[in-house]
Amino acid sequence: MNDSIILDLATDASETTKDYLITTLRDKLNGHKRQKIIALCAREMELTLPQSIETIISTDNIDLCFKAKSLMDADNITDFVLVTSLMMKKYWETVFLHMFSHVHNWSVRGVDVPNQPSGLVRPEVDSVESSIKNYFKTVGNPDEVKILRSALIPSDKFNAGFHERYGGVSQLPPIASLNTIYTMRKPDSQLAINENRRRLGQAAGFDPEQLKVARVEHGKSIWVVGKTPPAYYDGIVTNMPGITIAAPGADCSMILLADTVTGACGAVHAGWRGTTLGAVRACLKAMVDEYQTNPKDVVAAIGPTVDGKCFDLPAVDASPVHELDPSFTWPSESNIDWVHADLVKANVKMLELDGVPSSNIDTSNAYCTVCNKQFFSHRRDGIPFGNQIGFISYKA
C-alpha cells in the first residue's frame, strides 16, 4: 500500500474536477490514515478532507512536483500514489519517471472525470525532460559549490581537485545537496545527478560531458581510457587532454595521481578493501605500463577520508595495513578483535614504496569525512548517503 497520496488540483482547477478527485481520494482513504497527503494547486483553494493535508501552490507543474518530492524526502517517504484526471495520467507518469529514482515506488491513478472542461489542454509530454533540466538550474545556490585544490599538482598542466557537499539540488538530508553519484539505492534521479555534475564542472572548470567516474566495486581494477572498460573498476588512468577522470568517496579515500612529465593522470577510489588490496598501487602501475610514467615524476593528492579514530574493522581484515607499518593500526575500544586503521597513511606508504617521493604526496585535503559535515559520510549518515568525487584532467 502507498504510504502517501498526492492530489493533482493544479492541471485542472475546475470545481467539477476538484470535487470528483476529492471524492475519489476519500474513497481511496476509506478510513485509513496515510503518512502524508499533499495537494498540488495552481492557486489558493479550500479543501476539506478527513485527514490533514499539505498544500503546495505554484503555476509551474515541475515546481509542484519537485516541492512535493522535497516534502516526502524530508520524511523519508518513498511509496506514494498521485491522483489526477485520466487526461493528465500520461503527463504525470512522464514527470515522475524523470523526477524520481528506482528507490521510489510510485503510481499514477487517472480518474475518468465526467463533464471535464472541454478546453483543457494536456501539457506536452515530449518537453518534460527539458523542462525538468531547466527547472533544476533554478534550484538552490550554485555559488555554494566549493572546490578544494592541491598546491602540489601544477595547475598549468592539470585541472584537479575535490569538493564539498553544498551547492547542488539533492534534497534528502543525507545526500543534500551536491551528490554526484547515481545508484539504485538513492532517491536522486539521473537528471538531478546530471545537474549536480554540471554545477561541479562549472565551478571547477571542466566539461561534465567529458567526465568519467569510476564504477567502483571496492577492488583494484583500473580502466585505461580508450580501452574497453571492465564492468566495474575503482580507478581510471588517461593521458588524453580534456578528459576528466574521477573517483567517488564518502569515507573512502579519493586519490589523484599526476605525472608532471608525460601528462598522464589517474584517479582511484580506495576504501579499506581497496587499500588492503593496493588499489593505489594498481593505478600507479597502470600509468607506468601504459604511459611510461616514472613514479619519481608523480604528484599525488589524497582527498577527504575517514580518519582512523572514526573507523574500525576486524583485525584480520586490516592485516595488510598493519604489515605496512604496525603504527597504522591500533586496538578498537568498542569491538573485540577489531582495530582502527589509518587509510591515509597506508596509501601514502604504498606510494612511497612504489617510488613516489614523500614530498610529492599531499594530504592537506584529507579531512575526516565523519568529523566534518561539509563532506558526505557513509559511516555518519548511513544509507542512503551522498558521494563527493576527486577529479583530474590533463590540460596539454
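The values are calculated or read from the model by the stated rules, or taken from the named source; none is laboratory data. Bear in mind the structure is a predicted one, so any value in this text is a computation, not a measurement. No Cβ is skipped: glycine too gets one built from the backbone with ideal geometry, and neighbour counts run over all protein chains shown.
On the basis of being buried (at least 16 other Cβ atoms within 10 Å of the Cβ) and under 21 Å from Glu129 (Cβ atoms), does Phe80 make the cut? Before the answer, list the steps.
On the way: buried (at least 16 other Cβ atoms within 10 Å of the Cβ): yes; under 21 Å from Glu129 (Cβ atoms): no.
Judged against the criteria, Phe80 is not a match.
Would you mind finding the one in Glu290, Glu323, Glu333, Glu352 that is charged (D, E, K, R) and part of a loop (DSSP other than H, G, I, E, B)? Lay out the reasoning, then the answer.
Numbers: Glu290 fails: part of a loop (DSSP other than H, G, I, E, B); Glu323 fails: part of a loop (DSSP other than H, G, I, E, B); Glu352 fails: part of a loop (DSSP other than H, G, I, E, B).
Checking each option against the conditions leaves just Glu333.
Is it true that Pro114 is over 30 Å from Ile383 (Cα atoms), touching a residue at least 60 places away in the same chain (Cβ under 8 Å) and exposed (fewer than 14 other Cβ atoms within 10 Å of the Cβ)? Please lay out each step first, then the result.
Numbers: over 30 Å from Ile383 (Cα atoms): yes; touching a residue at least 60 places away in the same chain (Cβ under 8 Å): yes; exposed (fewer than 14 other Cβ atoms within 10 Å of the Cβ): yes.
The answer is yes for Pro114.
Please go through the range 137-179 and give me each residue that is free of Cβ contacts under 8 Å to residues at least 60 places away in the same chain, out of contact with any strand residue (DSSP E or B) (no Cβ under 6 Å at 6 or more places or on another chain) and not in a loop (DSSP other than H, G, I, E, B), ordered by number.
Of everything in the range 137-179, those that are free of Cβ contacts under 8 Å to residues at least 60 places away in the same chain, out of contact with any strand residue (DSSP E or B) (no Cβ under 6 Å at 6 or more places or on another chain) and not in a loop (DSSP other than H, G, I, E, B) turn out to be Asp143, Glu144.
Name, by its number, the condition in (1) in contact with a helix residue (DSSP H, G or I) (Cβ under 7 Å, 6 or more places away or on another chain); (2) surrounded by 19 or more Cβ atoms within 10 Å (Cβ to Cβ) that does not hold for Leu120.
Result: Leu120 passes all but (2).
Starting from residues that are touching an Asp or Glu at 6+ places or on another chain (Cβ under 9 Å) and hydroxyl-bearing (Ser, Thr, Tyr), keep the ones in the range 362-392 and report whichever is surrounded by the fewest Cβ atoms within 10 Å (Cβ to Cβ).
Applying the filter and picking the extreme gives Tyr367.
Search the range 180-198 for residues being touching a Leu at 6+ places or on another chain (Cβ under 7 Å) and in a helix (DSSP H, G or I), and hand back the single one that is farthest from Thr260 (Cα to Cα). Full working, then the answer.
We begin by selecting, within the range 180-198, every residue touching a Leu at 6+ places or on another chain (Cβ under 7 Å); these are 180, 187, 196-197.
Among the residues that remain, those that are also in a helix (DSSP H, G or I) are: 196-197.
Numbers: Asn196: 30, Arg197: 27 Å.
Per the criteria, the residue is Asn196.
Could you count how many residues in the range 326-367 are among the aromatic types (Phe, Trp, Tyr) and out of contact with any Ser or Thr (no Cβ under 9 Å at 6 or more places or on another chain)?
Taking the range 326-367 and keeping what is among the aromatic types (Phe, Trp, Tyr), we get 328, 330, 338, 367.
With out of contact with any Ser or Thr (no Cβ under 9 Å at 6 or more places or on another chain) added as a condition, the list becomes 328, 330.
So the answer is 2.
Any residue that is under 29 Å from Pro241 (Cβ atoms), touching a helix residue (DSSP H, G or I) at 6+ places or on another chain (Cβ under 6 Å) and aliphatic (A, V, I, L, M) - is there at least one of those in the range 130-148?
Within the range 130-148, one or more residues are under 29 Å from Pro241 (Cβ atoms), touching a helix residue (DSSP H, G or I) at 6+ places or on another chain (Cβ under 6 Å) and aliphatic (A, V, I, L, M).
In the range 253-285, how many residues are part of a helix (DSSP H, G or I) and either buried (at least 24 other Cβ atoms within 10 Å of the Cβ) or modelled with pLDDT under 95 (or both)?
Taking the range 253-285 first, the residues part of a helix (DSSP H, G or I) are 272-277, 279-285.
Narrowing the set further to residues that are either buried (at least 24 other Cβ atoms within 10 Å of the Cβ) or modelled with pLDDT under 95 (or both) leaves 274-275, 279-280, 283-284.
So the count comes out to 6.
Among residues belonging to the range 1-43 that are modelled with pLDDT of 90 or more and assigned to a loop (DSSP other than H, G, I, E, B), point out the one that is surrounded by the fewest Cβ atoms within 10 Å (Cβ to Cβ).
Arg43
Answer yes or no: is there a residue in the range 110-123 that is of a type in the set (Gly, Ala, Ser), at pLDDT below 95 and either in contact with a Cys (Cβ under 9 Å, 6 or more places away or on another chain) or on the phi < 0 side of the Ramachandran plot (or both).
Looking through the range 110-123, at least one residue is of a type in the set (Gly, Ala, Ser), at pLDDT below 95 and either in contact with a Cys (Cβ under 9 Å, 6 or more places away or on another chain) or on the phi < 0 side of the Ramachandran plot (or both).
Report every pair of residues separated by at least 6 positions or lying on different chains whose Cβ atoms are under 8 Å apart, first residue within the range 55-73 and closer than 19 Å to Pro173 by Cα and aromatic (Phe, Trp, Tyr), second buried (at least 16 other Cβ atoms within 10 Å of the Cβ) and modelled with pLDDT of 95 or more.
Phe66/Met99; Phe66/Tyr135; Phe66/Val139
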